[in-house]
Amino acid sequence: ILNVEQSPQSLHVQEGDSTNFTCSFPSSNFYALHWYRWETAKSPEALFVMTLNGDEKKKGRISATLNTKEGYSYLYIKGSQPEDSATYLCAFNGDSTLTFGKGTMLLVSP
Amino acid sequence: NAGVMQNPRHLVRRRGQEARLRCSPMKGHSHVYWYRQLPEEGLKFMVYLQKENIIDESGMPKERFSAEFPKEGPSILRIQQVVRGDSAAYFCASSASLSGRRAKNIQYFGAGTRLSVL
């Protein structure tokens, strides 16, 4: 059974704060690591797909890094805004399927 | 709307009835994935299908659950003789052609079907 762990489980920050969350995954049989953003009552929306050790991807104020040797990825949000409030999911791809973590629920207060 | 379409959005069934959940992938996508989210749980993989083929059903319960993705029409997830424990949100995702069997391509999700079993 693959174990994909995300921490923290939830996070409450003030507008303007920068924040980061962690996704840990098996370091063997790694192919890709996906990050999704999931707003309440909407569909999960893909943020990044990362495949190479040391990869760093950026989309606006959100960025992610990948360490496949030790099995972790960080997601950073710079200057959080209320519209960033959502659950952030990571998913490990070692074969033909994705194994999701339970997500980090982020709440950004104005 | 060219996104992944799931219907119905909400489905209520009594114990013992059948539930049929539909998923139309994004235009041009030939790979469909079904996931289930139980209360207080994350998304759990159920089945991966390509047109007319089941590629990986390792996450499907052995009984009462089946899935298909016919040549024409949407993918269907079918649950026979539903029980209360089947109450969950069922999400479908689709992706474009893959390199081999690896799901490197981004999966695009539908909004889900929330099944309630009374």
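No lab work stands behind these numbers, since they all come straight from the coordinates. As the structure is a prediction and not an experimental result, all values here were calculated from the model. Glycine gets a Cβ as well: all are built from the backbone with ideal geometry, and neighbour counts include every protein chain shown.
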Nonlocal Lys pairs with alpha-carbon distance under 16 Å, the protein assembly as shown (8 or more apart, or different chains):
9
Share of alpha-carbon pairs per 10 Å distance bin for chain A, given as whole %:
16, 50, 28, 6, 0
Just checking the output field for B:105-113: average partner chain Cβ neighbours within 10 Å of each residue's Cβ?
5
Surrounding net charge for residue B:3, when Lys and Arg each add one and Asp and Glu each subtract one, Cβ distance under 13 Å:
+1
Please work out how much length the chain gains when fully extended from residue A:39 to residue A:83, using 0.36 nm per residue of separation minus the C-alpha to C-alpha distance, in nm with one decimal.
14.9 nm
Can you give the alpha-carbon Rg of segment B:13-118 over 2.2 N^0.38 Å, where N counts its residues?
1.04
Show me A:27-33, B:7-13 ranked by packing, highest mean number of other Cβ atoms within 10 Å first.
A:27-33, B:7-13
Which trypsin sites (Lys or Arg not before Pro) in segment A:52-84 pass both tests, a DSSP loop state and at most 12 other beta-carbon atoms within 10 Å?
A:69
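Any chance you could tell me what percent of the C-alpha pair distances in the protein assembly as shown go past 24 Å?
The calculated P(r) of the protein assembly as shown puts 45 percent of pairs beyond 24 Å.
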What ³J(HN,Hα) values, in whole Hz, does the Karplus curve 6.51 cos²θ - 1.76 cosθ + 1.60 give for segment A:13-18 when θ = phi - 60°, with x put for Gly and Pro?
10, 8, 3, x, 5, 9
May I have the pair-distance distribution P(r) for segment A:5-50, computed from all Cα-Cα distances with 5 Å bins from 0 and rounded to whole percent?
5, 14, 19, 26, 22, 9, 4, 1
Say R0 is 25 Å: what FRET efficiency, to the nearest 0.05, do residue B:68 and residue B:10 get from their beta-carbon distance?
0.65
Chain lengthening between residue A:27 and residue A:76 when straightened (0.36 nm per residue, less Cα-Cα)
15.5 nm
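Test of the criteria: in segment A:40-110, which GluC sites (Glu not before Pro) are in a DSSP loop and have at most 11 other Cβ atoms within 10 angstrom of their Cβ?
A:70
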